[in-house]
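Report on the following structure.
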Amino acid sequence: MSKILITDDDSMMLRMASFIVKKAGHEAVTASSGEECLKKLREESPMLTVIDVEMPDMNGIETLEAIRADNGLADAPVCLMTGSLTDDVKSKAEELGAVSCIGKPLEAAVLMEIIAKATK
């Protein structure tokens, strides 16, 4: 069983993603902001971190940039998720080394496939 960190400012999305993670046989850890994500990433050392792009204060792209700039976290596998999956977002995710970029609403099969790849 691996830890998966899910970061989203929407509590309903956190519950839904946590349910999918648990159904896939993993432990779900949640954060509701970019800052909290960075803190939990350091504390929990998850196998995969899923971050919502559209959050107030520190958005998902900024959070991923902070992860990549931190020597202790730089190699962490990250998947971005967004309700507006544009070419710009996909391009930025790829540029920052995200393992994937998925749309919302989340599709359980897609998230489970990304988790399976990241936790091998």
Residues of the stretch 72-116 being of a type in the set (S, T, N, Q) and either touching a Leu at 6+ places or on another chain (Cβ under 9 Å) or surrounded by fewer than 20 Cβ atoms within 10 Å (Cβ to Cβ) (or both), which ones? Ser84, Thr86, Ser91, Ser100
Kindly indicate the residue of the stretch 33-60 that is farther than 24 Å from Thr119 by Cβ and modelled with pLDDT of 95 or more and also surrounded by the fewest Cβ atoms within 10 Å (Cβ to Cβ) among those meeting that condition. Glu35
Under 6 Å between Cβ atoms, which residue pairs at least 6 apart in sequence (or on different chains) link something in the stretch 2-13 that is over 12 Å from Ile115 (Cβ atoms) and touching a residue at least 12 places away in the same chain (Cβ under 8 Å) with a partner that is not basic (Lys, Arg) and not in a strand (DSSP E or B)? Thr7/Cys37; Asp8/Leu14; Asp9/Ser32; Asp9/Met55
Note on Thr49: of the conditions (1) of a type in the set (Val, Ile, Thr); (2) in contact (Cβ under 8 Å) with a residue 60 or more places away in the chain; (3) within 20 Å of Ala74 (Cα to Cα), unmet is (2)
Looking at the structure I just gave you, is Ile102 touching a helix residue (DSSP H, G or I) at 6+ places or on another chain (Cβ under 6 Å) and outside any loop (DSSP other than H, G, I, E, B)? yes
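In the stretch 1-27, how many residues are more than 17 Å from Leu41 (Cβ to Cβ) and not acidic (Asp, Glu)? Show your work before the answer.
Step one: of the stretch 1-27, the residues more than 17 Å from Leu41 (Cβ to Cβ) are 1, 10-13, 15-16, 19-20, 22-25.
Filter again for not acidic (Asp, Glu), leaving 1, 11-13, 15-16, 19-20, 22-25.
Selection size over the stretch 1-27: 12.
Only one residue in Lys90, Lys120 is in contact with a Cys (Cβ under 7 Å, 6 or more places away or on another chain) and basic (Lys, Arg), so which one is that? Spell out how you get there, then give the answer.
Values: Lys120 fails: in contact with a Cys (Cβ under 7 Å, 6 or more places away or on another chain).
Selected residue: Lys90, the only one of Lys90, Lys120 that is in contact with a Cys (Cβ under 7 Å, 6 or more places away or on another chain) and basic (Lys, Arg).
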Residues that are more than 13 Å from Val78 (Cα to Cα), exposed (fewer than 15 other Cβ atoms within 10 Å of the Cβ) and touching a helix residue (DSSP H, G or I) at 6+ places or on another chain (Cβ under 7 Å): does the stretch 2-17 have at least one? no
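The values are calculated or read from the model by the stated rules, or taken from the named source; none is laboratory data. Values in this document were obtained by computation on a predicted structure and should not be read as measured data. Counting neighbours? That spans all protein chains shown, and the Cβs are built from the backbone with ideal geometry, glycine included.
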